[in-house]
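Enquirer: Pasting in a structure now, in C-alpha cells, and then I'll have a few things to ask.
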Amino acid sequence: MNKFSFKYLNFYLSGFRKLNVENIEKLTKNEIITIGKLYNREDFLELKKSIFWKWHNENIEYTDSYIKKLIKLKNKLELEFDSNDNDYIKCLREKQFTKIRTLKTLEVPYETNKFNIQPFAFFAYGNIRYYDLTSNEGLKLMFRSELFISANEIVFFDRENNKINKIVKRKQITNIELLSYALLIKTKERDFYLRTFCDEVIYISLERLWKKSKIKFADKDSKKERNIYW
C-alpha cells in the first residue's frame with residue numbers, strides 16, 4: 001500500500017467517500033480534494049456545483065455574514081463562477097444592502113407636478129423592463145426605463161429621451177407579488193410585470209416604503225431559485 005493510501009485510509013473508512021449537502025461544511029479543502037480523486041474530473045466539478053447551489057437554496061439568508069460564508073464555501077470547493085453566478089452573488093449583496101440601508105431622499109431628473117415642487121425618491125434603479133399584461137397582444141414589452149420609488153408613486157423615466165414613460169400611484173396598487181420570474185404589480189386598472197437585474201431588490205424597496213399601506217405583499221416563490229434572465 002503506498003503512502004497516499006496509508007495517509008487517507010482512516011478518512012476513507014470514516015464514511016466520507018461522498019460529497020453531499022450534509023457534510024459540505026464539515027469537510028476541509030484537502031478532504032474534498034481527496035474525495036475528488038475517486039471521481040472523473042468533470043463529473044466531480046458538476047457534483048460540487050450541484051451541492052453548492054443546493055446548500056445555498058436550503059440556507060439562504062440576506063445578511064453580510066451569510067454572503068461571506070457562501071464565498072468561503074465557493075473557494076473551498078474551488079469553483080469558478082460564470083457571469084450569471086457572479087450576477088446572482090451581486091444580487092444577494094444588493095438585497096442585503098437594501099434591507100438595512102438608511103432611507104434618504106434622492107434627487108430625480110423629472111418633474112411630476114405643476115406647482116414647481118421638486119419631487120424626490122427613496123429608491124432608484126436602472127434598466128427596468130415593463131411588460132403589460134392587459135395588451136391584446138398578450139405579454140408585451142412596453143418600454144425599458146429607469147425606475148424611481150417615492151412615498152406615493154412609482155415613476156418610470158426615460159433619461160435618454162428625457163420623458164416620463166409612466167407614473168403608477170401607490171393608491172392605485174392593490175397587490176405586489178414576487179414570483180420566480182418577475183415582479184407582478186396589480187392595480188385597479190391593469191396588471192404588469194417588472195423585470196430587472198434583481199427583482200427582489202425592487203420588491204424589498206416597495207415593501208419597506210409601503211408596508212403600512214393597504215397593498216397586499218406576497219413572496220410567492222421565496223423557496224425557489226430565481227430566474228434572473230428572460
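The values are calculated or read from the model by the stated rules, or taken from the named source; none is laboratory data. Please read all numbers here as calculations on a predicted model, not as lab measurements. Ideal geometry is used to build each Cβ from the backbone, glycine not excepted, and the neighbour counts take in all protein chains shown.
Enquirer: Mind listing whichever residues of segment 121-160 are in contact with a Pro (Cβ under 7 Å, 6 or more places away or on another chain) and assigned to a strand (DSSP E or B)? Can you show your working first?
Expert: In the first step, residues of segment 121-160 are kept if they are in contact with a Pro (Cβ under 7 Å, 6 or more places away or on another chain); the result is 150, 157, 159.
Residue satisfying the conditions is Phe157 alone.
Enquirer: Hey, another quick one. Look at Phe217 and say whether it is at pLDDT 90 or above and more than 20 Å from Ile167 (Cβ to Cβ).
Expert: Numbers: at pLDDT 90 or above: yes; more than 20 Å from Ile167 (Cβ to Cβ): yes.
In short, yes.
Every residue, every condition in (1) at pLDDT below 90; (2) among the hydroxyl-bearing types (Ser, Thr, Tyr); (3) surrounded by fewer than 14 Cβ atoms within 10 Å (Cβ to Cβ), yes or no:
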| position | (1), (2), (3) |
| --- | --- |
| Leu45 | no, no, no |
| Lys48 | no, no, no |
| Phe52 | no, no, no |
| Tyr62 | yes, yes, no |
| Ile71 | no, no, yes |
| Asn75 | no, no, yes |
| Asp82 | yes, no, yes |
| Asn86 | yes, no, yes |
| Leu92 | yes, no, no |
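Enquirer: Applying the selection to segment 151-180, what residues are out of contact with any strand residue (DSSP E or B) (no Cβ under 8 Å at 6 or more places or on another chain) and closer than 17 Å to Ile202 by Cβ?
Expert: Ala151, Leu179, Ser180
Enquirer: Sticking with this structure for a sec: Among the residues of segment 171-206 satisfying the criterion of being charged (D, E, K, R) and surrounded by 16 or more Cβ atoms within 10 Å (Cβ to Cβ), which is farthest from Thr134 (Cα to Cα)?
Expert: Applying the first criterion (charged (D, E, K, R)) to segment 171-206 yields 171, 177, 186, 188-191, 195, 199-200.
In the following step, the residues that additionally are surrounded by 16 or more Cβ atoms within 10 Å (Cβ to Cβ) were identified as 177, 186, 195, 199-200.
Numbers: Glu177: 17, Lys186: 11, Arg195: 17, Asp199: 21, Glu200: 23 Å.
Here the answer is Glu200.
Enquirer: Moving on. Just give me the residues in segment 93-108 being closer than 22 Å to Arg159 by Cα and of a type in the set (Val, Ile, Thr), in sequence order.
Expert: Across segment 93-108, the qualifying residues are Thr105, Val108.
Enquirer: In segment 133-191, which residues are closer than 12 Å to Tyr110 by Cβ and small (Gly, Ala, Ser)?
Expert: Correct list: Ser145, Ser150.
Enquirer: Can you tell me which residues in segment 170-222 are of a type in the set (Asp, Glu) and farther than 30 Å from Asn86 by Cβ? Don't jump to the end; show me each part of the working.
Expert: Going residue by residue through segment 170-222, those that are of a type in the set (Asp, Glu) are 177, 189, 191, 199-200, 207, 219, 221.
Once the filter is applied, which keeps residues that are of a type in the set (Asp, Glu) and farther than 30 Å from Asn86 by Cβ, segment 170-222 yields Glu189, Asp191.
Enquirer: Based on what the data block shows, is Thr98 outside any helix (DSSP H, G or I), surrounded by 10 or more Cβ atoms within 10 Å (Cβ to Cβ) and in contact (Cβ under 8 Å) with a residue 40 or more places away in the chain?
Expert: No.
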